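What follows is calculated from the coordinates using simple rules that are stated; it is not laboratory data. Computed from a predicted model, the values in this text were never measured in an experiment. Cβ coordinates were reconstructed from backbone atoms using ideal geometry, including for glycine residues, and neighbour counts include every protein chain displayed.
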Amino acid sequence: MGEKRDSFGSKFGVLVALTGSAVGLGNMWRFPYLVGTNGGAAFIILYLICLLVISMPLMITEFVIGRRSQANVFGAFKTLSQGKKHGKVWGKIGFISVITALVILSFYSVVGGWTIDYVCQAIGFKFTQGVDYEQVFQYSSTSAVRPLVFTLIFLAITAIVVIMGIQKGIEKYTKVMMPMLFVMVIFLAVYSLTLKGAGEGIRFLFLPKWSEVTIQTVLEALGQSFFSLSIGCGTIITYASYVKKHENILTLSAETAFMDTLFALLAGMAIMPAVFAFGATPSEGPGLVFVIIPQIFSQLPMGGVLAILFFVVLFFAAVTSSISLLEVMVAYMIEERHLSRKASVAITMSLTLVLGVLCSLSLGVLGNVHLFGNSIFGFMDGLSANILMPLGGMLFVVFAGWKLSDKEYFDELTNGGSMHISPILLKVLRFLIRYTSPVVIILIMLVSLLK
Ligand code: TRP
């Protein structure tokens, strides 16, 4: 190839891009609900423990793999396994991540399409009192043509950013979107907290209810920390490969995890007080953000403007995540298939679009098609969350823990020994990824498959 590999221009750029990837619909519609129904503050404490013990070590490991190899996710394992026992087999595992990214992006872009649809409807001040919001959502998600058009628009926006490359595309645009997202979420949270009856929502979120905590709660906390940090699909490996050699990847991981958690808590504070102030019941997933929220806004003064803000927030959160997913595939096509960035984007986007159309239609016209008892949409979602992401995560830690030597692993974390990191911290981290993470991940996979 010869040409110089693109990289992030600044540390801030890396941080916003990573936070952009991590902060997504998982923070906005899953976390608040899970907290409320799984013991409030008790869940938050469990979540933080899972983050610290399992998810962050995994994230740090993806950083090590990506930055050390300076390659796309497939190239990373190929490069790092060279000359090692069973190197040929290990060298191929990155391909799983390319597929995982494709599977996630195919249904994620459908939901991303809904967010654009809702932004448009909010701008047209369609969300007024007396509208049947259940029906609006049905129409936006299950009709034959409308969602396809918005899925295409969502993917096209994602593609345009990725075509421009790392510094001039991904970094440049996430640097604008993420701070805006941050300010808007804070504004919504503060507003929501001033509503009469908001206290009930805050109690729902933050009152610790230890009696509600079961083994299932712990698994939910672990699964959520995994999904929310975007671990196990190669996005962190891919982004880390564009991080410069002098950056401290340990602090970068900690900062990303901190920002991701902060966003999730703010989203909870924006959503739940409003839900309770209007005597609605919090539900999970699409119902919460696409049905209950517009309904609530329609009853508030300035609700029209709030609705625009809220759905722009959702759109930004979704698009900064989809960018990172597309980049996983595109980096692979450029470096392993030797295509131009444009051609790579065109091919991967078309492929995603075909799957995305199937996912979207499976909620309406193709509702009768079932894969293992699920709609196509549900199948893609389950396949990635229950199988591909945990599998990827496990392969990453096993590879880094057992195939990379202590020296190689520590060398990357300390930037070739030029940075001091407490030896105890390094030892604990090494222990966690060699023993704790693989065992725990296998357990989650078994439980979720048997459920
Ligand atoms: N973390 C994202 C969220 O909270 C979802 C997600 C999972 C993701 N894996 C990903 C996003 C990979 C981008 C890339 O919604």
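Couple of notes before you dig in:
- For region 329-419, the gyration tensor built on C-alpha atoms gives an oblate shape. Its axis ratio a/c (a ≥ b ≥ c) is at least 1.5, and a/b is not larger than b/c.
- Bins of 10 Å from zero: percent of alpha-carbon pairs in region 233-329: 13, 35, 27, 18, 7, 0
- Each listed q (0.15 Å⁻¹) maps to a log10 I(q)/I(0) for region 221-270 from the Debye sum over equal C-alpha point scatterers, namely -0.49.
- Relative to its residue count, region 304-371 spans a Cα convex hull of 127 Å³ per residue.
- Radius ratio Rg over Rh of the chain, counting only Cα atoms, Kirkwood formula for Rh: 0.96
- Residue ranges 286-294, 40-48 sort as 286-294, 40-48 when ordered by packing (mean number of other C-beta atoms within 10 Å per residue, highest first).
- Across region 2-95, the relative contact order, built from alpha-carbon pairs under 8 Å that are at least six residues apart, equals 13 percent.
- With the convex hull of its Cα atoms as the shape, region 281-329 has an orientation-averaged projected area of 4.0 nm².
- Peptides 218-224, 230-236, 363-369 ordered by packing proxy, namely the average of other Cβ atoms within 10 Å per residue, highest first: 230-236, 218-224, 363-369.
- Computed over the alpha carbons of region 8-121, Rg followed by Dmax gives 18.1, 57 Å.
- Our summary gives region 315-387 a relative contact order of 17 percent, counting only alpha carbon pairs under 8 angstrom and 6 or more residues apart.
- Greater than 30 Å apart at Cα, pairs in K78/K427; K88/K451; K11/K196; K85/K175; K168/K427: K88/K451; K11/K196; K85/K175; K168/K427
- Rel. contact order, % - alpha carbon contacts under 8 angstrom, at least six apart, the chain: 33
- Rotationally averaged projected area of region 253-406 (alpha carbon convex hull; nm²): 13.7
- Cα-based Rg / Dmax (Å) for region 59-149: 21.6, 67
- Of the DSSP H helices in the chain, those whose Cα atoms cover at least 18 Å axially and whose Kyte score averages 0.0 or more: 56-69, 94-123, 146-163, 172-193, 215-228, 249-277, 303-336, 341-361, 437-450
- Mean residue ellipticity (222 nm) of the chain, computed from DSSP H runs ≥ 4 via -39,500 (n - 2.57), nearest 500: -21500 deg cm²/dmol
- As a rough footprinting exposure proxy, the listed residues D132, D117 were ranked by other beta carbons within 10 Å of their own, and the order from fewest upward is D132, D117.
- Cβ-based charge dipole, the chain, positive-most Cα from Q129, G197, I186: I186
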